[in-house]
């Protein structure tokens with residue numbers, strides 16, 4: 001809650017909508033990502049690059065949802081923050097670290113699949129476990145460095161005789177936060193978003209053209225159609241989860257800095273930004289579902305995990321299609 005007493009912010013929706021939404025995301029995110037990590041870590045004998053990326057993505061998503069309980073309590077109390085300044089900084093820091101890590105690991109998975117589908121020969125060299133481990137380590141280090149200024153900007157404060165935890169920074173410091181906020185929007189969202197969309201569009205085009213110009217049996221044609229459908233669904237989920245939130249956040253930054261005297265506009269963009277926050281959180285629940293849904297083998301592995309039987313690791317449907325194209 002970053003409002004000024006001279007321009008009251010409407011927050012009637014926060015006590016019900018946000019706690020209910022975050023609670024649902026928390027329960028689904030913990031159970032789904034926990035199940036994914038449990039199956040991968042306990043029952044996968046041989047790790048490949050796909051498993052490495054998905055494990056890191058699940059870790060980022062799980063850490064993200066674990067920051068939600070203090071926010072649920074705070075929103076249910078009308079933005080009152082009873083946990084102190086250190087926990088405020090810690091929650092905001094890990095909230096953004098894991099949000100951006102999730103975005104970056106989705107980008108890594110997209111590039112990984114793109115290379116396998118569009119450049120199957122180069123995939124033999126580039127889609128190695130060492131490359132996946134190196135890329136994963138770089139993501140965690142770069143994102144942590146990128147979000148470090150949050151520890152300076154985020155802190156508790158008093159507004160209308162109530163202690164709150166500022167999500168971005170104190171309202172009086174928004175002009176100083178503005179360049180950093182734009183940096184996060186460009187580096188943490190816009191560039192990865194363009195990379196992901198480009199990769200998935202290229203894969204869809206490659207698979208579609210391959211289907212149109214090749215003679216294949218019924219099983220191969222069915223597999224290719226399912227691969228196309230999977231790519232479209234993943235791309236749509238990515239767009240729906242991330243684009244509205246980041247657009248609303250960027251618009252809110254502009255309005256807060258340059259048009260803060262317009263109380264009506266400020267209320268509109270603030271409500272839009274707050275309401276869309278649970279939408280971006282849904283991505284943490286969608287990733288494990290897409291992981292298990294993408295292949296029959298993944299679903300079989302989950303069932304085998306639940307029955308405590310050891311099975312061989314598998315790759316995703318899109319990765320299987322790319323392996324077949326490369327002759328592997």
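Nothing in this text is a laboratory measurement; each read-out follows from the coordinates by a stated rule. Since the structure is predicted, the reported quantities are computational estimates derived from the model, not experimental observations. No Cβ is skipped: glycine too gets one built from the backbone with ideal geometry, and neighbour counts run over all protein chains shown.
Please arrange 163, 107 by counting, for each residue, the other beta carbons lying within 10 Å of its beta carbon, fewest first.
On the way: 163 17, 107 21.
Fewest-to-most ranking of 163, 107: 163, 107.
By other beta-carbon atoms within 10 Å, ranking 86, 159, 52 with the fewest at the front produces 86, 159, 52. When 162, 59 are arranged by Cβ crowding within 10 Å, least crowded first, meaning fewest neighbours, the order is 162, 59.
With the contact rule set at Cα under 8 Å and sequence spacing of 6 or more, what percent relative contact order holds for the range 1-136?
Working: 107 pairs, mean separation 43.4, N = 136.
It comes to 32 percent, rounded to a whole number.
For the range 32-170, dividing the convex hull volume of the Cα atoms by the residue count gives 123 Å³ per residue.
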